[in-house]
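The values are calculated or read from the model by the stated rules, or taken from the named source; none is laboratory data. These numbers were taken from a predicted model, which means no experiment stands behind them. For neighbour counting, all protein chains shown are included, and Cβ atoms are generated from backbone atoms with ideal geometry for every residue, glycine included. Please note that ligands, DNA and RNA were not included when accessible areas were found on the heavy atoms of the full protein model with its side chains. Shrake-Rupley method; radii C 1.70, N 1.55, O 1.52, S 1.80 Å.
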Amino acid sequence: MVSKEELQVTFSSLPTEKLMEIIDNKFGYTEMAVSVAFEELAGRKISESEIKSYKTKQIEKLNSYIRKNIVNDLTLSQKNLFYFIFIPLLTSPFRLTFKEKGFKLKIKQSNYYSFFGFIFFCIAAWFLYKGMSNLFVAAFWMGGFIPAYLMDEFFNRQRQIRKLQNLFGPAETEESTQELDA
């Protein structure tokens, strides 16, 4: 257990921004750590510009999170890639890149398209086994991309948007934001 004095020594060397983060995320720290951070901030001369700068950075982080989880989805060619090349060994480098960059939506979508590609491939293979023509089987598998794409656009994306709106509230329109700036 860390003593209050040890926390005071540690927190006195932390930058102001880090102390503000501790207070903002008070449920992630002990009550004593938050109170020591408050005391340390109260002892510092913090300008209004430092507070505004911190808040601006937090808003940028939130906007980045929203872009990575709503706006930046897979391109059509990437959706096709994951649908038709659903074997994890072949697509894992792409998923790893998405994970490193923090693109949660792209990871979910890549798994979604790989799953649907595999399901439609299995159904097409069953049709082939039952004696259907090769052309029909290929058309069925390729055509399966269309319902997968439509379900992704109209159900998965909308669910993600509603989830974020529940977390952060409805997005302001551009006009109301401009009115507030004026």
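Before moving on, here are some points about what is shown:
- Translational diffusion of the range 1-136, estimated by Stokes-Einstein from the Kirkwood radius over alpha carbon pairs at 10 °C in a medium of 1.306 mPa s, is 82 µm² per second.
- Rounded to 10°, Cα long-axis angle of helix 31-43 versus longest principal axis of the chain: 60
- With all protein chains kept in place, the per residue accessible area of the range 62-124 amounts to 57 square angstrom at a probe of 1.4 angstrom.
- Environment charge at Glu5 (Cβ cut-off 15 Å; Lys +1, Arg +1, Asp -1, Glu -1): -2
- Placing unit charges on the Cβ atoms of the charged side chains and taking the dipole of the chain about its Cα centre, the candidate lying farthest along the positive direction among Leu90, Phe103, Ser133 is Ser133.
- Sites matching trypsin sites (Lys or Arg not before Pro) across the range 5-74 that sit in DSSP coil, with at most 16 neighbouring C-beta atoms within 10 Å: Arg44, Lys45
- Farthest toward positive dipole pole in the chain [+1 Lys/Arg, -1 Asp/Glu at C-beta], among Gln158, Tyr112, Ile23: Tyr112
- Put Thr16, Thr97, Thr91 in order of accessible area, highest first, and with a 1.4 Å probe you get Thr97, Thr16, Thr91.
- Accessible carbon and sulfur surface of the range 18-137 relative to its total accessible area, %, 1.4 Å: 66
- Charged-residue dipole, Cβ positions (Lys, Arg, Asp, Glu), the chain about Cα centre, Debye nearest 20: 960
- Whole-percent P(r), the range 94-143, all Cα pairs, 10 Å bins from 0: 26, 33, 21, 16, 3.
- Taking every protein chain into account, the 1.4 Å probe leaves Glu6 with about 100 Å² of accessible area, to the nearest ten.
- Nearest-0.05 FRET efficiency for Ile87 and Tyr129, computed from C-beta distance (R0 30 Å): 0.90
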